[in-house]
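To keep things clear, I will list the structure first and then write my remarks on it.
What follows draws every value from the coordinates through simple rules; no lab data is involved. Just so you know, these numbers come straight off a predicted model, no measurement behind them. Every residue, glycine among them, receives a Cβ derived from its backbone with ideal geometry; neighbour counts consider all protein chains shown.
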Amino acid sequence: MKQMVKMEVHDLNLWYGSFHALKDINMKVYKHKVTAFIGPSGCGKSTLIRCLNRMNDLIGNVHVEGRVLLDDKNIYDKDVDVVNLRKRVGMVFQKPNPFPMSIHDNITYGPKLHGKKRGLDELVEEKLKDAALWSEVKDILGQNAMDLSGGQQQRLCIARCLAVEPDVILFDEPCSALDPISTGKIEDLINELKRHYTIVIVTHNMQQAARISDYTGYFYLGELKEFNKTKKIFTNPDNPETERYITGKFG
Amino acid sequence: MTRNKFEQQLAEIKKRLLSMGSLSEELIGLSVQSLKDQDEELAKKVIASDKQIDREYVNIEKKIMRTIAMQAPVAGDLRLLLTALKNATDIERLGDYAKDIAEIALRHKDEEYITKLINIPRMNEIALSMVQISLESFETEDADMARQVHPMDDEVDSLYDRTFRLLTTYILENPKNISQAFSLMLVARHLERVADHALNIANRTIYLKEGDIQYI
């Protein structure tokens with residue numbers, strides 16, 4: 001079956017000042033699939049995921065060449081509205097970062113910013129349900145989000161991200177600050193979310209990549225060494241360098 | 001190089017499996033010799049030694065299971081452990097065949113054979129070199145070497161067919177031959193199976209090296 005392509009990276013190069021952090025990256029992100037980026041620290045995987053919604057624009061001294069297509073439109077074109085881009089390509093970060101306000105207001109903050117005024121309560125319920133958090137917080141929606149546990153905060157951040165109805169969700173090591181049970185919940189959630197969203201995840205946990213992703217890219221020193229189906233990468237990778245990394249013989 | 005302990009565990013599993021393989025190979029050779037020479041003592045020795053293989057099989061299986069559970073291996077390491085686990089089963093079967101052949105030798109130790117044993121030792125010789133080559137291909141992870149086993153299996157199959165036909169004629173000639181002919185047919189059948197197990201081990205070396213499961 002031919003997979004639908006949601007995003008496409010073409011000859012992407014990125015420099016932090018004079019440091020060449022991404023080198024000629026070419027890859028596809030398939031619609032309604034989970035794509036994982038793995039590789040040792042400093043390999044460029046987080047840099048690449050931040051290119052997918054132009055988060056790198058926020059860092060000074062960054063120079064990007066090449067194209068990143070979202071539904072065939074280059075997101076680095078001059079006429080692209082970055083705020084709108086980040087609405088379509090949402091992001092969840094390593095450390096849960098809820099706003100210091102109520103659970104309810106965390107969810108409605110984005111939609112309100114984009115002009116939504118009605119049906120906010122329904123939206124809160126729907127998105128908290130989608131993020132598998134509703135049953136735990138339905139009676140305390142007015143409470144400060146900072147009082148939730150780490151795992152709950154991370155699911156709230158996912159719900160907040162879903163509230164603006166993105167097409168793609170980028171996860172930058174979403175479980176590295178969580179315990180195994182919270183991690184399991186987030187992994188189950190990602191598996192559910194891919195039915196409606198396209199997902200890209202950076203993870204240091206190789207078993208996590210194996211468990212939840214459909215495609216995996218292995219990065220080293222700014223290069224994409226191998227991009228393949230996850231089941232291929234973890235049973236018989238094409239590149240011996242990938243094999244050495246995933247079997248823990250180096251890295 | 002990281003994960004030194006894991007590397008050591010993999011090397012140890014491989015080493016123990018190979019020595020279990022050599023022992024099974026030796027026992028098959030001895031069992032056929034005990035049959036040929038009608039050597040009661042040798043047959044008993046083979047029967048006793050099979051227990052050693054059974055024990056080692058359990059130990060190796062446990063060790064592989066623990067390693068999988070605790071090291072979460074992937075890719076080549078995972079293929080090596082799965083190959084080792086399945087090879088252990090094949091090697092354990094080889095020990096069982098040696099024991100069965102030795103028991104048949106004991107059953108007929110005081111009888112005169114209805115025919116000179118020619119095909120059986122020949123089958124034994126080829127099957128044993130198949131075992132030897134397949135184990136060596138596993139040790140060195142050499143897929144080309146493993147492929148050498150394929151034509152040898154055809155030779156064993158054809159010797160088995162010939163032996164079967166020959167023994168059938170002895171049965172037809174004289175019903176008194178039935179018991180011994182059946183026993184010898186069983187020995188031939190066991191050796192044909194030994195060759196099949198060697199083929200399995202060889203095919204798994206190809207899988208281990210090339211990552212593609214093919215059963216020929």
message: With angles folded into 0 to 90 degrees, how steeply does helix B:75-107 sit against the dominant principal axis of chain B? Use alpha carbons for both and round to 10.
response: 20 degrees
message: Can you give the FRET efficiency to the nearest 0.05 for B:Glu136 and A:Tyr76, using r as the Cβ-Cβ distance and R₀ = 60 Å?
response: 0.60
- prompt: How big is D for chain B, in µm² s⁻¹ as a whole number, if Stokes-Einstein is applied with the Kirkwood radius of its Cα pairs at 25 °C and 0.890 mPa s?
  reply: 135 µm²/s
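About the Cα centre of chain A, what is the dipole size in debye to 20, counting +1 per Lys and Arg Cβ and -1 per Asp and Glu Cβ, all else neutral? Kindly include the intermediate steps, with their values, before the conclusion.
Numbers: 35 positive and 33 negative charges, 59 e Å.
Here the size comes out at about 280 debye.
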field: Helix-only [θ]222 nm of chain B, DSSP H runs n ≥ 4, -39500 (n - 2.57) each, per residue, nearest 500
entry: -30500 deg cm²/dmol
- prompt: Once the Cβ-Cβ distance between A:Asn191 and A:Asn144 is put in as r, and R0 is 30 Å, what FRET efficiency do you end up with, to the nearest 0.05?
  reply: 0.50
statement: If one compares the long axis through the Cα atoms of helix B:149-173 with the longest principal axis of the Cα atoms of chain B, the angle in degrees, nearest 10, works out at 20 degrees
task: Evaluate peptide A:205-213: per residue, the Cβ atoms of other protein chains within 10 Å of its Cβ; return the mean as an integer.
output: 1
field: Radius of gyration and Dmax over the Cα atoms of chain A, both given in Å
entry: 18.2, 55
- prompt: Which of A:Lys138/A:Lys185; B:Lys51/B:Lys86; A:Lys33/A:Lys78; A:Lys73/A:Lys129; A:Lys95/A:Lys194 have a Cα-Cα distance over 25 Å?
  reply: A:Lys33/A:Lys78; A:Lys73/A:Lys129
query: Which angle between 0 and 90 degrees, to the nearest 10, do you get for helix A:150-163 versus the longest principal axis of chain A when only C-alpha atoms count?
result: 90 degrees
statement: Taking Cα pairs closer than 8 Å and at least 6 residues apart, the relative contact order of the stretch B:3-215 in percent is 26 percent
message: Please compute, for the alpha-carbon atoms of the protein assembly as shown, the extent along each of the three principal axes and give them in descending order in Å.
response: 101, 50, 41
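Can you put A:Arg67, B:Arg93 in order of Cβ neighbours within 10 angstrom, beginning with the fewest?
A:Arg67, B:Arg93
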